[in-house]
Amino acid sequence: MSKVFVFDHPLIQHKLTHIRDKSTGTKEFRELVDEVAALMAFEITRDLQLQEVTVETPVGPAKAKTLAGKKLGLVPILRAGLGMVDGILKLIPAAKVGHVGLYRDPETLQPVEYYVKLPTDVEEREFIVIDPMLATGGSAAEAINSLKKRGAKNIKLMCLIAAPEGVEVVQKEHPDVDIYLAAMDEKLNEKGYIVPGLGDAGDRLFGTK
Ligand SMILES: O=P(O)(O)OC[C@H]1O[C@H](OP(=O)(O)OP(=O)(O)O)[C@H](O)[C@@H]1O
Ligand SMILES: O=c1cc[nH]c(=O)[nH]1
Ligand SMILES: [Mg+2]
(Lines give C-alpha, C1' and ligand atoms only; values in the text may rest on other atoms or scores of the structure.)
(Ligands and ions follow the chains in the order given, each with its own letter.)
Protein backbone atom coordinates (compact mmCIF):
# COMPACT_ATOMS: atom_id res chain seq x y z
CA MET A 1 0.00 0.00 0.00
CA SER A 2 1.29 3.45 -0.89
CA LYS A 3 1.86 6.15 1.74
CA VAL A 4 -0.03 9.43 2.05
CA PHE A 5 1.81 12.50 3.36
CA VAL A 6 -0.02 15.70 4.34
CA PHE A 7 2.40 18.63 4.63
CA ASP A 8 1.47 20.57 7.75
CA HIS A 9 4.15 23.27 7.38
CA PRO A 10 2.64 26.55 8.67
CA LEU A 11 3.48 28.46 5.47
CA ILE A 12 1.78 25.84 3.31
CA GLN A 13 -1.31 25.84 5.53
CA HIS A 14 -1.48 29.66 5.70
CA LYS A 15 -1.24 30.05 1.93
CA LEU A 16 -3.70 27.23 1.32
CA THR A 17 -6.29 29.05 3.42
CA HIS A 18 -6.04 32.07 1.10
CA ILE A 19 -6.21 29.79 -1.94
CA ARG A 20 -9.47 28.33 -0.62
CA ASP A 21 -11.01 31.76 0.06
CA LYS A 22 -13.58 32.56 -2.63
CA SER A 23 -12.73 36.25 -2.43
CA THR A 24 -9.15 35.56 -3.64
CA GLY A 25 -8.91 36.77 -7.25
CA THR A 26 -7.19 35.10 -10.20
CA LYS A 27 -3.84 36.90 -9.90
CA GLU A 28 -3.40 36.19 -6.21
CA PHE A 29 -4.76 32.64 -6.57
CA ARG A 30 -2.17 31.88 -9.26
CA GLU A 31 0.68 33.37 -7.21
CA LEU A 32 -0.32 31.42 -4.11
CA VAL A 33 -0.61 28.10 -5.98
CA ASP A 34 2.85 28.75 -7.40
CA GLU A 35 4.27 29.44 -3.92
CA VAL A 36 2.63 26.42 -2.29
CA ALA A 37 3.87 24.19 -5.11
CA ALA A 38 7.43 25.40 -4.43
CA LEU A 39 7.09 24.79 -0.70
CA MET A 40 5.70 21.31 -1.34
CA ALA A 41 8.56 20.61 -3.76
CA PHE A 42 10.98 21.52 -0.97
CA GLU A 43 9.41 18.83 1.24
CA ILE A 44 8.99 16.20 -1.48
CA THR A 45 12.64 16.38 -2.55
CA ARG A 46 14.06 15.58 0.89
CA ASP A 47 15.07 12.11 -0.29
CA LEU A 48 17.08 13.25 -3.34
CA GLN A 49 20.53 11.69 -3.38
CA LEU A 50 23.63 13.85 -2.85
CA GLN A 51 27.19 13.28 -4.00
CA GLU A 52 30.45 14.63 -2.56
CA VAL A 53 32.38 17.13 -4.65
CA THR A 54 35.27 19.49 -4.02
CA VAL A 55 34.74 23.18 -4.73
CA GLU A 56 37.27 26.03 -4.51
CA THR A 57 36.04 28.79 -2.23
CA PRO A 58 37.99 32.09 -2.18
CA VAL A 59 39.73 30.69 0.91
CA GLY A 60 40.54 27.17 -0.26
CA PRO A 61 39.13 23.78 -1.22
CA ALA A 62 35.89 22.68 0.44
CA LYS A 63 34.38 19.21 0.48
CA ALA A 64 30.76 19.87 -0.38
CA LYS A 65 27.67 18.19 -1.79
CA THR A 66 25.65 18.46 -4.98
CA LEU A 67 22.59 16.62 -6.22
CA ALA A 68 23.58 13.24 -7.61
CA GLY A 69 21.89 14.03 -10.89
CA LYS A 70 18.76 11.95 -10.63
CA LYS A 71 16.56 12.38 -13.68
CA LEU A 72 13.36 14.09 -12.61
CA GLY A 73 10.20 14.58 -14.64
CA LEU A 74 7.26 16.78 -13.68
CA VAL A 75 3.98 15.83 -15.26
CA PRO A 76 1.18 18.37 -14.79
CA ILE A 77 -2.31 17.13 -15.61
CA LEU A 78 -3.75 19.79 -17.93
CA ARG A 79 -5.05 22.30 -17.34
CA ALA A 80 -4.94 22.95 -13.63
CA GLY A 81 -1.66 21.11 -12.99
CA LEU A 82 0.11 23.78 -15.05
CA GLY A 83 -0.43 26.22 -12.19
CA MET A 84 2.03 24.26 -10.03
CA VAL A 85 4.85 23.76 -12.57
CA ASP A 86 6.75 27.06 -12.35
CA GLY A 87 6.88 27.00 -8.56
CA ILE A 88 8.52 23.56 -8.62
CA LEU A 89 10.88 24.50 -11.46
CA LYS A 90 12.17 27.43 -9.41
CA LEU A 91 13.64 24.87 -7.01
CA ILE A 92 14.45 22.11 -9.51
CA PRO A 93 15.21 23.93 -12.76
CA ALA A 94 16.82 20.87 -14.36
CA ALA A 95 13.62 18.83 -14.18
CA LYS A 96 12.04 17.95 -17.52
CA VAL A 97 8.32 18.58 -17.98
CA GLY A 98 5.87 16.17 -19.60
CA HIS A 99 2.18 16.86 -20.09
CA VAL A 100 -0.92 14.71 -19.77
CA GLY A 101 -4.09 16.34 -21.04
CA LEU A 102 -7.23 15.08 -19.35
CA TYR A 103 -10.59 16.58 -18.63
CA ARG A 104 -13.29 15.19 -16.44
CA ASP A 105 -16.55 14.62 -18.28
CA PRO A 106 -19.06 16.71 -16.29
CA GLU A 107 -21.81 14.07 -16.62
CA THR A 108 -19.98 10.79 -16.05
CA LEU A 109 -17.01 12.28 -14.08
CA GLN A 110 -14.82 9.92 -16.12
CA PRO A 111 -11.43 11.25 -17.33
CA VAL A 112 -11.05 11.83 -21.08
CA GLU A 113 -7.45 11.86 -22.34
CA TYR A 114 -6.60 14.29 -25.15
CA TYR A 115 -2.82 14.76 -25.05
CA VAL A 116 0.32 13.01 -23.80
CA LYS A 117 3.91 14.13 -24.29
CA LEU A 118 6.66 12.87 -21.98
CA PRO A 119 10.38 13.55 -21.71
CA THR A 120 12.87 10.94 -22.93
CA ASP A 121 14.31 8.14 -20.78
CA VAL A 122 10.91 7.40 -19.27
CA GLU A 123 12.09 4.17 -17.67
CA GLU A 124 14.98 5.72 -15.71
CA ARG A 125 13.22 8.93 -14.74
CA GLU A 126 11.54 9.71 -11.41
CA PHE A 127 8.18 11.36 -12.12
CA ILE A 128 6.05 13.68 -10.03
CA VAL A 129 2.49 13.86 -11.37
CA ILE A 130 0.95 17.18 -10.31
CA ASP A 131 -2.63 18.39 -10.10
CA PRO A 132 -4.17 20.73 -7.51
CA MET A 133 -7.25 18.53 -7.05
CA LEU A 134 -7.63 14.80 -6.32
CA ALA A 135 -11.42 14.39 -6.29
CA THR A 136 -12.83 11.04 -7.50
CA GLY A 137 -9.26 10.06 -8.34
CA GLY A 138 -10.18 9.15 -11.93
CA SER A 139 -7.92 11.76 -13.57
CA ALA A 140 -4.86 11.04 -11.42
CA ALA A 141 -5.25 7.25 -11.76
CA GLU A 142 -5.59 7.59 -15.55
CA ALA A 143 -2.59 9.94 -15.84
CA ILE A 144 -0.48 7.47 -13.84
CA ASN A 145 -1.72 4.64 -16.11
CA SER A 146 -0.66 6.67 -19.10
CA LEU A 147 2.87 7.08 -17.70
CA LYS A 148 3.15 3.41 -16.74
CA LYS A 149 1.98 2.31 -20.23
CA ARG A 150 4.92 4.27 -21.63
CA GLY A 151 7.40 2.63 -19.27
CA ALA A 152 7.50 4.85 -16.16
CA LYS A 153 8.42 2.91 -13.02
CA ASN A 154 9.01 5.52 -10.36
CA ILE A 155 6.05 7.86 -9.80
CA LYS A 156 4.87 10.19 -7.03
CA LEU A 157 1.59 12.11 -6.98
CA MET A 158 1.46 15.68 -5.62
CA CYS A 159 -1.86 17.53 -5.11
CA LEU A 160 -2.98 20.49 -3.06
CA ILE A 161 -6.27 19.06 -1.83
CA ALA A 162 -7.65 15.52 -1.89
CA ALA A 163 -10.93 13.87 -1.01
CA PRO A 164 -10.68 10.53 0.82
CA GLU A 165 -12.50 8.89 -2.13
CA GLY A 166 -9.77 9.95 -4.56
CA VAL A 167 -6.94 8.82 -2.31
CA GLU A 168 -8.60 5.41 -2.00
CA VAL A 169 -8.95 5.03 -5.79
CA VAL A 170 -5.30 5.94 -6.46
CA GLN A 171 -4.03 3.72 -3.65
CA LYS A 172 -6.09 0.80 -4.96
CA GLU A 173 -5.08 1.20 -8.61
CA HIS A 174 -1.49 2.28 -7.94
CA PRO A 175 -0.24 0.87 -4.63
CA ASP A 176 3.33 1.81 -5.65
CA VAL A 177 2.61 5.55 -5.95
CA ASP A 178 3.01 7.66 -2.78
CA ILE A 179 0.69 10.68 -2.48
CA TYR A 180 1.78 14.13 -1.22
CA LEU A 181 -0.89 16.63 -0.17
CA ALA A 182 -1.34 20.01 1.47
CA ALA A 183 -4.76 18.96 2.82
CA MET A 184 -7.11 16.01 3.04
CA ASP A 185 -10.67 17.31 2.95
CA GLU A 186 -13.96 15.85 4.10
CA LYS A 187 -15.79 14.44 1.09
CA LEU A 188 -17.11 14.92 -2.45
CA ASN A 189 -20.44 16.60 -3.22
CA GLU A 190 -22.99 15.25 -5.70
CA LYS A 191 -21.18 16.97 -8.58
CA GLY A 192 -17.85 15.39 -7.66
CA TYR A 193 -16.41 18.61 -6.19
CA ILE A 194 -14.25 18.44 -3.09
CA VAL A 195 -15.96 19.75 0.07
CA PRO A 196 -14.89 22.28 1.23
CA GLY A 197 -12.05 22.30 -1.36
CA LEU A 198 -11.44 25.46 -3.34
CA GLY A 199 -13.96 25.21 -6.19
CA ASP A 200 -12.84 24.62 -9.75
CA ALA A 201 -9.05 24.89 -9.77
CA GLY A 202 -8.72 25.31 -13.55
CA ASP A 203 -11.32 28.05 -13.71
CA ARG A 204 -9.83 29.91 -10.75
CA LEU A 205 -6.29 29.69 -12.16
CA PHE A 206 -7.14 30.78 -15.66
CA GLY A 207 -10.09 33.07 -15.03
CA THR A 208 -12.50 31.01 -17.12
CA LYS A 209 -16.22 30.75 -16.25
O1 LIG B 1 -10.23 13.36 -9.36
P2 LIG B 1 -11.15 13.73 -10.47
O3 LIG B 1 -12.60 13.46 -10.12
O4 LIG B 1 -10.78 13.11 -11.78
O5 LIG B 1 -11.12 15.31 -10.62
C6 LIG B 1 -9.95 16.05 -10.57
C7 LIG B 1 -9.66 16.65 -11.91
O8 LIG B 1 -10.63 17.67 -12.20
C9 LIG B 1 -9.96 18.89 -12.49
O10 LIG B 1 -9.67 19.01 -13.84
P11 LIG B 1 -10.82 19.36 -14.91
O12 LIG B 1 -11.44 18.11 -15.44
O13 LIG B 1 -11.74 20.39 -14.34
O14 LIG B 1 -9.98 19.94 -16.11
P15 LIG B 1 -9.28 21.37 -16.23
O16 LIG B 1 -8.04 21.29 -15.37
O17 LIG B 1 -8.96 21.46 -17.67
O18 LIG B 1 -10.23 22.41 -15.75
C19 LIG B 1 -8.70 18.78 -11.67
O20 LIG B 1 -7.69 19.66 -12.07
C21 LIG B 1 -8.32 17.33 -11.85
O22 LIG B 1 -7.57 17.07 -13.01
O1 LIG C 1 -13.31 20.18 -6.34
C2 LIG C 1 -12.88 19.95 -7.49
C3 LIG C 1 -13.03 18.70 -8.11
C4 LIG C 1 -12.53 18.53 -9.36
N5 LIG C 1 -11.92 19.56 -9.98
C6 LIG C 1 -11.78 20.77 -9.39
O7 LIG C 1 -11.22 21.70 -9.99
N8 LIG C 1 -12.28 20.94 -8.16
MG1 LIG D 1 -11.59 22.34 -14.23
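Diagonalising the gyration tensor over the Cα atoms of region 4-206 and scaling each eigenvalue by 5 before taking the square root yields semi-axes of 30, 21, 15 Å, largest first. Computed on the chain, with alpha-carbon pairs under 8 angstrom and 6+ residues apart, the relative contact order is 23 percent. Expressed in units of 2.2 N^0.38 Å, where N is the residue count, the Cα radius of gyration of region 1-65 is 1.71. Between Thr45, Gly83, Val59, the Cα set farthest toward the positive side of the dipole of region 15-91 (charges on each charged residue's Cβ, about the Cα centre) is that of Gly83.
For the peptides 115-124, 81-90, residues were scored by their other Cβ atoms within 10 Å and the scores averaged per peptide; the highest-first order is 81-90, 115-124. Scanning residues 5 or more positions from Val116 or on other chains, those with amide H under 5 Å from its amide H are Gly101, with H placed 1.01 Å from N in the peptide plane.
Placing unit charges on each Cβ (+1 for Lys and Arg, -1 for Asp and Glu) gives region 4-206 a dipole about its Cα centre, and among Pro10, Gly192, Leu118 the Cα reaching farthest toward its positive end belongs to Leu118. Peptides 41-53, 97-109, 144-156 ranked from most to least packed give 144-156, 97-109, 41-53, packing being the mean of other C-beta atoms within 10 angstrom over each peptide's residues. Note on the chain: helix-only mean residue ellipticity at 222 nm, from DSSP H runs of 4+ residues weighted -39500 (n - 2.57) and normalised by residue number, equals -9500 deg cm²/dmol. For each pair in Lys3/Lys187; Lys27/Lys90; Lys148/Lys209; Lys156/Lys187; Lys15/Lys187, compute the distance between the two Cα atoms and list the pairs where it is over 29 Å. Beyond 29 Å: Lys148/Lys209.
The H on the amide N of Phe127, modeled in the peptide plane, is under 5 Å from the matching H of Gly73, Asn154, Ile155, Lys156, each at least 5 residues off or on a different chain. A Cβ-based charge dipole, computed about the Cα centre of the chain with Lys and Arg at +1 and Asp and Glu at -1, lands at about 400 debye. Here the simple spin-label model places points 7 Å from the Cα toward Cβ, and for Asn145 and Val59 these points are separated by 5.8 nm. Rolling a 1.4 Å probe over the protein heavy atoms gives the chain an accessible area of 52 Å² per residue. Rounded to the nearest 20, the Cβ-based charge dipole of region 78-159 about its Cα centre (Lys and Arg +1, Asp and Glu -1) stands at 180 debye. Only bridges whose two residues both fall in region 4-206 count here: according to DSSP, what percent of them are antiparallel, nearest 5? Percentage antiparallel, nearest 5: 40.
The values are calculated or read from the model by the stated rules, or taken from the named source; none is laboratory data. Just so it is clear, the model here is predicted, and its values are computed rather than measured. Positions of Cβ are backbone-derived with ideal geometry, glycine not excepted, and every protein chain shown enters the neighbour counts. The area values use the complete protein model at the heavy-atom level, side chains included, leaving out ligands, DNA and RNA. Shrake-Rupley method; radii C 1.70, N 1.55, O 1.52, S 1.80 Å.
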